[in-house]
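The values are calculated or read from the model by the stated rules, or taken from the named source; none is laboratory data. The structure displayed is predicted, hence computed values, not measured ones. Cβ: placed from backbone, ideal geometry, glycine included. Neighbour counts: every protein chain shown. Note: areas computed on protein heavy atoms with side chains; ligands, DNA, RNA excluded. Shrake-Rupley method; radii C 1.70, N 1.55, O 1.52, S 1.80 Å.
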Amino acid sequence: MAEILDGLKVSKEIKAEIKVEVDKILESKRRAPHLVAILVGNNGASKAYVNAKVKDCEEVGFQSSLIKFPSTVSESELLEKIDELNKSKAVDGFIVQLPLPDQVDQEKIINAIDPRKDVDGFHPENFGKMALEMDTFLPATPFGILTLLERYNIETKGKDCVIIGRSKIVGRPMSILMGRKDFPGNSTVTLTHSYTKDIEEYTKKADIVITALGDPHFLKGDMIKEGAVIIDVGITRVDDDSPKGYYLAGDVDFDSCAAKASWITPVPGGVGPMTRAMLMKNTIIAYKTSVYND
Ligand SMILES: Nc1nc2c(c(=O)[nH]1)N[C@@H](CN(C=O)c1ccc(C(=O)N[C@@H](CCC(=O)O)C(=O)O)cc1)CN2
């Protein structure tokens, strides 16, 4: 039976460590780090994630601002706001919550963010630095997974790691990070996707499987090998009769995989809270490297 990689617990530890740093900053009479989040539209999950990020800021002692736009916002309105935030001496980092509505070119928006304030680590300059093993902001979800593996001392060196899903914010950066020369990394990585002929052929041999698909219960116990480490990034809201009207489903069929795996992340309480904690980490890094932090 697998042991749990408890993302909720580790995320609380990380936030407590950040709070200690913020308390020291405030004691020295400097301003608190400031994170801004831009939320477009009414997507329930996006609203919940952004509100949780604002709450995290409160918990660690950051200043936060939430800027809301209707789903009809134009690309130029968003670009104008980004320009303002790029120039602001009072803002250390900001994020644009994804996904964005169809009329907005996501790439244009991300490319407009000053890389020094890109605490999501999505800007091509930061993505390139990540690939080249240079110091930069790492995208929060992959950063969270690496931190979870590190805190639980999970060996990744020389392991076969299979990633399912090649999204720009999770699968693709994860595939680069797991193959980098630093710890945790040094894995032999296979990035599988919708054109992979037989995913099972890869997952059955993998020491580490990371699923980022958004396909509830996709990975079953008979698709993994005994002792594998299973990381579930998928969080899908599935409608049900509960008071909330939905439950959260991961990509992993938890019971059948937990019976065979050595370590496994739960959903909720696994990768999700780690994503938010690493955004806080990137924000304090942005603050420390900013020239406007006094
Ligand atoms: N600008 C960004 N947009 C998006 C990102 C991102 O990193 N930056 N990633 C995802 C969503 N995401 C972050 O915003 C995210 C996902 C999940 C959670 C989380 O806390 N999950 C909880 C459950 C929360 C719930 O009740 O719904 C858990 O798994 O325990 C936080 C952030 C897409 N967009």
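Quick look at the values:
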quantity: Cross-chain or 6+ apart pairs with Cβ under 6 Å, the stretch 266-288 first and of a type in the set (D, E, K, R), then open to solvent by less than 10 Å² (accessible area, probe 1.4 Å) and more than 7 Å from the ligand (Cβ to nearest atom); calculated: Arg276/Asp56
quantity: Unmet criterion (only one of (1) within 11 Å of the ligand (Cβ to nearest atom); (2) under 25 Å from Asp120 (Cα atoms)) for Met280; calculated: (1)
quantity: Check on Tyr292, open to solvent by 30 Å² or more (accessible area, probe 1.4 Å), more than 10 Å from the ligand (Cβ to nearest atom) and in a loop (DSSP other than H, G, I, E, B); calculated: yes
quantity: Verdict on Ala48 being under 16 Å from the mean Cα position of the chain (by Cα) and closer than 30 Å to Trp263 by Cβ; calculated: yes
quantity: Total residues in the stretch 166-184, condition open to solvent by less than 10 Å² (accessible area, probe 1.4 Å) and either in a helix (DSSP H, G or I) or at pLDDT 95 or above (or both); calculated: 5
quantity: Restricting the stretch 1-11 to residues that are touching a residue at least 40 places away in the same chain (Cβ under 8 Å) and part of a helix (DSSP H, G or I), the residue that is farthest from the ligand (Cβ to nearest atom); calculated: Val10
quantity: Condition met for Ile25 (open to solvent by 60 Å² or more (accessible area, probe 1.4 Å) and at pLDDT 95 or above); calculated: no
quantity: Residue within the stretch 218-237 that is assigned to a loop (DSSP other than H, G, I, E, B), among the charged types (D, E, K, R) and touching a Leu at 6+ places or on another chain (Cβ under 8 Å) present; calculated: no
quantity: Condition check for Tyr202: in a loop (DSSP other than H, G, I, E, B), aromatic (Phe, Trp, Tyr), at pLDDT 95 or above and away from the ligand (no atom under 16 Å from the Cβ); calculated: no
quantity: Among the candidates Gly227, Gly179, Gly158, Gly234, residue that is over 24 Å from Glu133 (Cα atoms), away from the ligand (no atom under 16 Å from the Cβ) and in contact with a Ser or Thr (Cβ under 9 Å, 6 or more places away or on another chain); calculated: Gly227
quantity: From the options Asp255, Asp241, residue that is more than 16 Å from the ligand (Cβ to nearest atom), part of a helix (DSSP H, G or I), surrounded by fewer than 17 Cβ atoms within 10 Å (Cβ to Cβ) and over 21 Å from the mean Cα position of the chain (by Cα); calculated: Asp255
quantity: Flag for Leu191 being modelled with pLDDT of 95 or more and in a helix (DSSP H, G or I); calculated: no
